[in-house]
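Below is one structure; the comments refer to it alone.
The values are calculated or read from the model by the stated rules, or taken from the named source; none is laboratory data. All of these numbers come straight from a predicted model, not from anything done at the bench. All Cβ positions, glycine included, derive from the backbone under ideal geometry; neighbour counts span all protein chains shown. With ligands, DNA and RNA removed, areas are computed over all heavy atoms of the protein, side chains included. Shrake-Rupley method; radii C 1.70, N 1.55, O 1.52, S 1.80 Å.
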Amino acid sequence: MVIKKYIAATENEAIALAKAELGEDVTIMNIKENNPKGLSKLFKKSSVEVTAAVDDVKKEQVRPESKPAAADFEKLQQALDAGRFKPASDSKNARIEENKERLVRNNQIIRDNVLDIVSDKIDSNNEIEQKLNTLQDLIEKQMAASVKDEQQKYDKKEDKNKAYLDLIRRQLLDNDVEMSYIEQIIDDIKGSIGSNSSLDNILAGVYQKIVLKIGQPHLIDTQNKKTRFIFFIGPTGVGKTTTIAKIASTMKLSKKVKVALVTSDTYRIAAVEQLRTYANILSIPLKVVYTAEEMENIRDELIDYDLVLIDTAGRSHNNVEQKEDLIKLLGAIPQDEQEVYLVLSSTTKYKDLVRISQTYSEMTKYNLIFTKLDETDTIGNIYNLRVLTSAPLSYATWGQNVPDDIGKFNAQKIAKQLLGGNG
């Protein structure tokens, strides 16, 4: 009996090879599917191995020259020409040829120099695995190089954005904006900017966030039908009296509002006389009060006026007695009839502004007025305090001219100045 093995891509092809060589009476003894494992599956396709047998006598009967034999030979030749035939894998030469074919095929999808690692002889399965491992190393190196290139491109984009954001950080720091507030802004916009944004796009995002944080200014309402009592509080030397004179002039001359003045700043005689001078020029009444009880009486006297602007004495945020006096004065007017404006100098250090604002926050809610903007080149403190206290910005003043050097806060202008523009 003759026993041989045939390998082909499919079972039918393997059986056809067996019949072509051994004849139609061939007996199929075993059919085995060869599925590559491990690294081999990267380079080797699945195949079918057929073990066929034929009786020696029958084989001799087939061999005489006859038409069927010629036909079988032609089938075999066609199979060989079509490249479908592979020598049985139980021979050493067959294994060599099979592995050489596989490595040559793989060469088409890896690199030309892969052939340099192929030996003409493969003596064992260990050597085959060694070759496969070498090929895998080459693939991994190529993949690593590709990933590295992509990462470098990504890093360049990220570095570009980082450079722009660092530039904006420095600009805001130069304007005395607190670092924690800068990081809040940048964190807010990171999710909305692309990986390769232009400086203009990033600036626009930061600008928009600053404008939103600042918000719209809160101004004195002149349309209210009830009398409004407007308190101006704050430390000494910030320009409360001059600010009141500017607002009173604007209200009386431009808006045609009935205005009255009240001062409780009896600690400074000059402050009373200064306010009296403005009152005489504007032809509006001025009342002086010393106690909270007198403030209650003044309320009844001035009930026919639209606005009553009240100047208070400068208070030390460390003086408990002065704080209690101010609380009593504020308490003399019902909450629904009053508004409070904390007047601060833009030249004051931020740490001091924090302490001052916290002290007044313990007494009442307030809106923010900043004075002396002409005496500083940085306005970061204004933004810082707005974010810290959540108190609305209202008016800004610069210079001593009454009533000209005053205006409402403009969020767009502040944002431009903080980012290095002219505002």
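If a residue must be closer than 21 Å to residue 236 by Cβ and assigned to a strand (DSSP E or B), how many such residues does the range 270-300 contain?
First, pick out the residues of the range 270-300 that are closer than 21 Å to residue 236 by Cβ: 270-278, 286, 288-292, 295.
The next check asks that each one be assigned to a strand (DSSP E or B); those that pass are 286, 288.
Result for the range 270-300: 2.
For the range 370-388, the candidate set comprises residues that are hydroxyl-bearing (Ser, Thr, Tyr) and in contact with a Ser or Thr (Cβ under 8 Å, 6 or more places away or on another chain); within that set, the residue that is surrounded by the most Cβ atoms within 10 Å (Cβ to Cβ) is 371. For residue 370, the conditions (1) in contact (Cβ under 8 Å) with a residue 60 or more places away in the chain; (2) under 16 Å from residue 231 (Cα atoms); (3) not in a helix (DSSP H, G or I) all hold with the exception of (1). Of the residues making up the range 188-202, not a single one is touching a residue at least 60 places away in the same chain (Cβ under 8 Å) and surrounded by 14 or more Cβ atoms within 10 Å (Cβ to Cβ). In this structure, residue 290 does not qualify as of a type in the set (Phe, Trp, Tyr) and in contact (Cβ under 8 Å) with a residue 40 or more places away in the chain.
Within the group 220, 247, 230, which residue is open to solvent by less than 70 Å² (accessible area, probe 1.4 Å), in a helix (DSSP H, G or I), aliphatic (A, V, I, L, M) and in contact with a strand residue (DSSP E or B) (Cβ under 7 Å, 6 or more places away or on another chain)?
Values: 220 fails: in a helix (DSSP H, G or I); 230 fails: in a helix (DSSP H, G or I).
The conditions single out 247.
The single condition among (1) among the basic types (Lys, Arg); (2) within 21 Å of the chain's Cα centre (by Cα); (3) part of a loop (DSSP other than H, G, I, E, B) that residue 213 does not meet is (3). Only one of the numbered conditions (1) open to solvent by 40 Å² or more (accessible area, probe 1.4 Å); (2) free of Cβ contacts under 8 Å to residues at least 60 places away in the same chain is violated by residue 391, and that is (1).
Summed over the range 301-332, residues that are open to solvent by 50 Å² or more (accessible area, probe 1.4 Å), assigned to a helix (DSSP H, G or I) and modelled with pLDDT under 90 total 4.
Please determine, by comparing only the residues of the range 252-269 that are outside any loop (DSSP other than H, G, I, E, B) and hydroxyl-bearing (Ser, Thr, Tyr), which one is most open to solvent (accessible area, probe 1.4 Å). Before you say what the answer is, go through the steps one by one.
Filtering the range 252-269 for residues outside any loop (DSSP other than H, G, I, E, B) gives 252-254, 259-263, 269.
Pick out the ones that are also hydroxyl-bearing (Ser, Thr, Tyr) and you get 254, 263.
Working: 254: 89, 263: 0 Å².
Here the answer is 254.
Taking into account only those residues within the range 174-183 that are touching a residue at least 40 places away in the same chain (Cβ under 8 Å) and assigned to a helix (DSSP H, G or I), which is least open to solvent (accessible area, probe 1.4 Å)?
Keep residues of the range 174-183 that are touching a residue at least 40 places away in the same chain (Cβ under 8 Å), which gives 174-178, 181.
After this cut, where a residue has to be assigned to a helix (DSSP H, G or I) as well, the list is 174, 181.
Values: 174: 110, 181: 28 Å².
Applying the filter and picking the extreme gives 181.
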